[in-house]
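A quick write-up on the structure given underneath.
Rule-based calculations on the coordinates, nothing more; no lab input. Model, not experiment: these values are computed from the prediction. All Cβ positions, glycine included, derive from the backbone under ideal geometry; neighbour counts span all protein chains shown.
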Amino acid sequence: MLKPIRFLVFHHTASAPSITLEQIDAAHRAKGWEGAGYSFFVDADGVVWPARGLRRILAANPPHNSDSIAVAVAGWNGNDKHPEWEWSVMQWATIHWFVRTLSVLIPGLTIGGHRDIGSTPTDCPGLDILAEFEDDPHEETIQ
Ligand SMILES: [Zn+2]
């Protein structure tokens, strides 16, 4: 059962940025999930694609699958072999849009990366998402 949304969680896809939502959907079905386990997907151009949206329980954010929004952003931050796979300016603009819009719509929303809220250790999303919003007094961050 869905609960009130408390977290906005960002993931990277740990792939080349050219990955599509269809490919993620197939990969997550192969894990036994009912399709892409995120709320939304941000492609290489910063375009937002709905996956499970806001009305379905997620698979990608345990233990917060029922009280979070998961945004997967195409690319792989912190990959030494492929620094060009890091999130682009357009993707960052979309990330900022998510943070600003949802912070207004959902008072008290906590923002973080997968590694900040996950129940299993992960590097995802490969960077400190909170540092991006450090200078913004309007954003609440995970403590
Ligand atoms: Zn993740």
First in the stretch 78-103 and under 14 Å from residue 14 (Cβ atoms), second anywhere and in a helix (DSSP H, G or I), Cβ under 7 Å, 6 or more apart: 79/85
Residues satisfying the stated conditions in the stretch 77-92, i.e. assigned to a loop (DSSP other than H, G, I, E, B) and among the polar types (S, T, N, Q): 77, 79, 88
All positions within the stretch 57-76 that are assigned to a loop (DSSP other than H, G, I, E, B) and either free of Cβ contacts under 8 Å to residues at least 40 places away in the same chain or surrounded by 21 or more Cβ atoms within 10 Å (Cβ to Cβ) (or both): 58, 59, 60, 61, 64, 65, 74, 75, 76
Number of the condition not met by residue 48 [criteria: (1) more than 16 Å from the ligand (Cβ to nearest atom); (2) in contact (Cβ under 8 Å) with a residue 60 or more places away in the chain]: (2)
Restricting the stretch 11-28 to residues that are among the polar types (S, T, N, Q), touching a residue at least 12 places away in the same chain (Cβ under 8 Å) and more than 12 Å from the ligand (Cβ to nearest atom), the residue that is nearest to residue 82 (Cα to Cα): 18
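The rows are residues; the columns are (1) loosely packed, with under 15 Cβ neighbours inside 10 Å; (2) over 22 Å from residue 122 (Cα atoms); (3) of a type in the set (Phe, Trp, Tyr).
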residue	(1), (2), (3)
49	no, yes, yes
81	yes, no, no
92	no, no, yes
101	yes, yes, no
106	no, yes, no
Yes/no for residue 97 being touching a strand residue (DSSP E or B) at 6+ places or on another chain (Cβ under 8 Å) and more than 13 Å from residue 39 (Cα to Cα): no
Qualifying residue in the stretch 110-124 (condition: among the aliphatic types (A, V, I, L, M) and away from the ligand (no atom under 13 Å from the Cβ)): yes
